[in-house]
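A short reminder: the numbers here are calculations on the coordinates, not readings from a lab. Since the model is a prediction, treat every value here as computed from it, not as a measurement. Positions of Cβ are generated from backbone atoms using ideal geometry, with glycine treated the same way; all protein chains shown enter the neighbour counts.
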Amino acid sequence: MYYPQTGTERVGAAVIKLCVFLGNYGREYKGNRHNVAWQFLESLPLYASLSWQRGFKGRWAAVENPAGRMWFLMPETYMNLSGDSAAELAKFYKIEPKEILVVHDELELPFGFFSVKEGGGLGGHNGLRSMKERFGTPDFFRLRFGIGRPNHDDISAYVLSDFSADEREKLACSVFPCAQSALDLILKDGCGQAVDSYKKVNALAL
C-alpha cells in the first residue's frame, strides 16, 4: 500500500506531477470506449516526441512543461489493477494523490462531453477503484471523457465495444482538441482553474 502524506491545504492548489491514462493493454482493446484515455493521449501532438520507457508495470515518459518535470503513465496491468502501476511510479518519485490526474472514460457523461473534477465517487469504474485501493483515497483529480450509458444492462460489453466511425471522427475533430486545451491549462497552472472552467463541457456544441 502507498500511504500518502496528509495535510489541510486545498487539493486544487496542487501542481500535477503525474497523469495516469487508464486503459486495457492489447490490440483487441485499442478502439474500445474503455480505452478513450489512451486514444486521447495518442492524439496529443507531443505523444510521438516523448521518450517512452517500460517500467512500473506500464509505459511511462517524463514530460517537461512550464510547471516543471512530470510523468505520463499508461498502466499495462489491465484496468482493474491500474493502481498497482500508478502507485509504483508515485512512490518512486514521491508523488502524492493530490498531484495526480487520472484520465478515464465516464458512463455518467454523455458522449461528446468531458469534464475536469476533483475527487468524488468511483461510479463502478474498476480503474478508479484500483487507484483508491492503492492510494488509500479517491482524492486525485480526474479528466473524464463521456461515453454515455447503453440502452441495455450489459455495461461490460458496452465499455469493451469500439467507438463507431462517426464517434471516432467527433473525438478526433472536436472532443480531443477541446480537451487538449484543458490538459494544457492543467499542466501549466495545476487543476484549480481547470476544475472551474471545465466542469462539464459539450465539445460537440463548440
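Structural remarks
- One decimal place: the segment R149-D189 gains 11.1 nm when fully extended, by the rule 0.36 nm per residue minus the C-alpha distance.
- Folded to 0 to 90 degrees: helix 82-93 orientation relative to the chain principal axis, Cα: 30 degrees
- Angle in degrees between helix 176-189 and the longest Cα principal axis of the chain, rounded to the nearest 10: 10 degrees
- Taking every lysine pair in region 67-206 that is 8 or more places apart or spans two chains, those with Cα atoms closer than 26 Å amount to 23.
- Table column - 3J(HN,Hα) (Hz), region 107-112, Karplus curve with 6.51, -1.76, 1.60, x for Gly and Pro: 5, 7, 10, x, 4, x
- Low-density loop cleavage sites - GluC sites (Glu not before Pro) in region 102-188, where at most 14 other Cβ are within 10 Å (DSSP): none
- Long-range HN-HN contacts of R59 with modeled amide H, under 5 Å: M74, E76
- Spin-label model, L50 to D166: label points 7 Å out along the Cα-to-beta-carbon direction sit 3.2 nm apart.
- CD proxy at 222 nm, helix term only [per DSSP H run n ≥ 4: -39500 (n - 2.57); per residue of the chain; nearest 500]: -8000 deg cm²/dmol
- Vicinal HN-Hα couplings computed from phi for region 55-69 (Karplus, 6.51 cos²θ - 1.76 cosθ + 1.60; Hz; Gly/Pro x): x, 6, 6, x, 10, 9, 8, 7, 10, 9, 9, x, 8, x, 6
- Evaluated over region 13-205, the Cα radius of gyration and Dmax, each in Å: 15.2, 45
- Packing here is the average count of other Cβ atoms within 10 Å per residue, and on that basis the peptides 83-91, 157-165, highest first, run 83-91, 157-165.
- About its Cα centre, the dipole of region 13-205 is roughly 400 debye, where the only charges are +1 on Lys and Arg Cβ and -1 on Asp and Glu Cβ.
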